[in-house]
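Just below is one structure, and these are the notes that go with it.
The values are calculated or read from the model by the stated rules, or taken from the named source; none is laboratory data. On a predicted model such as this, the values are computed, not experimentally measured, just so you know. A quick note on method: Cβ atoms are made from the backbone with ideal geometry, for glycine too, and the neighbour counts reach across all protein chains shown. The area values use the complete protein model at the heavy-atom level, side chains included, leaving out ligands, DNA and RNA. Shrake-Rupley method; radii C 1.70, N 1.55, O 1.52, S 1.80 Å.
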Amino acid sequence: MAEDPIPDLYAQYEESMDQFKELHKEAEGLKNAGYNTSEIKKDISNMEDEKEQLIKRVERLKRKVESHPNSTTMMNVARNLRLERDREKKLGEQRQEQSTLIQHEEQKIRRLQSQLHDIRQAAVGANPEVMLQRLEEETHTNKYIVTEKLPKEIAQRKKIVVNLQKVVAEPAMGQSDLDKLHEQISDLNEEIKQLVEKKLRTEDPTDNKSALFKQQAAIIAGKKEGALTNFRDVRDQYHKMSMELEQKREVAKEAGGGEVLKGEDFKRYVNKLRSKSTIYKKKRQEIAEIRAELGVLSRTEQILRQKDEFITRSLEAVENKKGVTGYRQTQEELEKVSAVKSELDEKKGKTLEDISDMVQRLTRTIATKKNSLAPIIKELRPMRQRAQELTNQHTEKKQAYDTAAAGLESNMAKLEQEVRAYQEECSQEESRYHYLHCMMQMVEIQQRKVADEMKAYTSADPYARKKTFRELYQRKVQEQENLGKGLREQQKTVRENHGPSLRQMKMWKDVERLLECKRHCFELSGGLSGGGLGGGGVYGEQPPAVLEEDRLVM
């Protein structure tokens, strides 16, 4: 893995393996996704039934239409209507296509206008030398892209396509085939290690002066590729942001009907919005306080009404108890009647002179008020007209403000959504960065281990060479081989002694059976002798079957 082409080849190999796995999964899924023949037959039968029903329905409609006196003209009109509807549908599709093309062309025009604006802005204050220098830099960049970057990418893509075609052309691989490939890869890696070690042993480090220059050239090439990639990303991002800016401007024009504010105008507009927002917050707080007070007063009113109803019911109960039902209502009605009567008496008590004096005073007061209000009314008429104009202007401004506020809120929601998406993307990129950083640290540790191994292996100190992993693994391999050799010899000995051991075991089993038989016979002989003496009989008096059995046993 220390050589330059090996990591690329290994990365291509892993990529090809992943692609092969995905294609294999898709192939298996397509194989397992076959339709059932019974379901297909059922669908075909259902479709045939539907077809027969539609044919019957068409025939029934034909008979119904033929019975009509103006059937031919109606059929012609219906046919023409259908043709016109088809034509209208086609025209609608064409109109949609034309509108889409118009939108694309308008976007292209806006993009070209933005490019023209950028070019003009870049050309402001520029001299021919600066423009030539920029053109030369852009030419060098494009030349590097065309001559070096793109051919490499095309060659890599072609190589990937060839590998994928090879993978697709080959039959499906099983676990055994993958194991074989892993073994081949391990063999090739071992061969590469041996070649590298041979090269390091045969090559003098002082003669290899071009390695440093190759390394520097590789670093410079990597920096150039990185700079080119960054340049492309920045350029694509610039075009994307310019298009988004144009779209935002169009949306702002459609919403507000004016140009987008910039600089000091935008600051003044923001300050005005802030002052209005503070006033709005104060008013909203006052409304909240009034609503809270209204809730308290309504609750107090409800409590008082409940108390009034309770007192009224209590008075009615007392009246019923005392036998004077309706006394309170009658008293209230009498008080109302007496109040009305007193008012009428007071009105009657007034004389006509008082009325005439009052009329004169009123007339004088009205005249004086008219005289004093005449100039004010004259001044009020234009003020009313001005107030009406200001009211209309206020309503228009309020509508414009509401539309602008709605547009800004929608834009704010979109921007917040974009910010959330960018934050998620940043978190993903940060996690990916940490993962790659950890992987780089692991690779660096592995490289240090490989360098230490190579250093110890190429060292002249035998004690240092014994600490290498190669020597350690070789010792372990040698131990395992010795252990395997001893086990094979033991297996050979066991195989050779298997037959005689079986025969010997059989003989021991036969001896054991014979001894068991003799023990049994001995027990039987002892039992018979004891039984004859104890029973008072003689040996010859035993039954013939028992004697025959004893003889057979002996």
What order do LEU228, LEU472 take when sorted by accessible area (1.4 Å probe), most exposed first? LEU472, LEU228
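Which net charge results for the neighbourhood of SER501, defined as the other residues with beta-carbon distances under 13 angstrom from its beta-carbon, given Lys and Arg at +1 and Asp and Glu at -1? Please list the in-between numbers first.
Working: positive: ARG495, ARG503, LYS506, LYS509; negative: GLU496.
In short, +3.
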What percentage of the solvent-accessible surface of region 44-191, computed with a 1.4 Å probe over protein heavy atoms, is contributed by carbon and sulfur atoms? 55 percent
For region 390-398, just list the computed ³J(HN,Hα) in residue order, Karplus coefficients 6.51, -1.76 and 1.60, θ = phi - 60°, integers in Hz, with x standing in for Gly and Pro. 5, 5, 4, 4, 5, 5, 4, 4, 5
Quick one: how many Å² of ILE287 are accessible to a 1.4 Å probe, rounded to 10? 80 Å²
For LYS180, which lysines qualify as cross-link partners when the Cα separation must be under 22 Å and same-chain residues fewer than eight apart are set aside? LYS21, LYS25, LYS166, LYS193
Multiply the residue gap between LYS378 and THR141 by 0.36 nm, knock off their C-alpha separation, and tell me the result in nm, one decimal place. 77.4 nm
In Hz, Karplus ³J(HN,Hα) per residue of region 313-319 (6.51, -1.76, 1.60; θ = phi - 60°; x = Gly, Pro): 5, 5, 4, 4, 5, 5, 4
Give the cross-link partners of LYS224 among the lysines, using a straight C-alpha distance below 26 Å as the criterion and excluding same-chain residues fewer than 8 apart. LYS143, LYS149, LYS152, LYS158, LYS159, LYS209, LYS214, LYS240
State whether region 46-104 is rounded, prolate or oblate according to the following rule on the C-alpha gyration tensor (a ≥ b ≥ c being the square roots of its eigenvalues): a/c under 1.5 gives rounded; otherwise a/b larger than b/c gives prolate, and the remaining case gives oblate. oblate
For LYS276, LYS42, write out the residues from largest to smallest accessible area, computed with a 1.4 angstrom probe and no ligands counted. LYS42, LYS276
At R0 = 56 Å the Cβ-Cβ FRET efficiency linking LEU273 and SER16, nearest 0.05, sits at 0.40
Area of LYS198 that stays accessible when all protein chains are in place (1.4 Å probe, Å², to 10): 120 Å²
Could you put SER16, SER67 in order of accessible surface area, largest first, with the 1.4 Å probe and the full protein assembly present? SER67, SER16
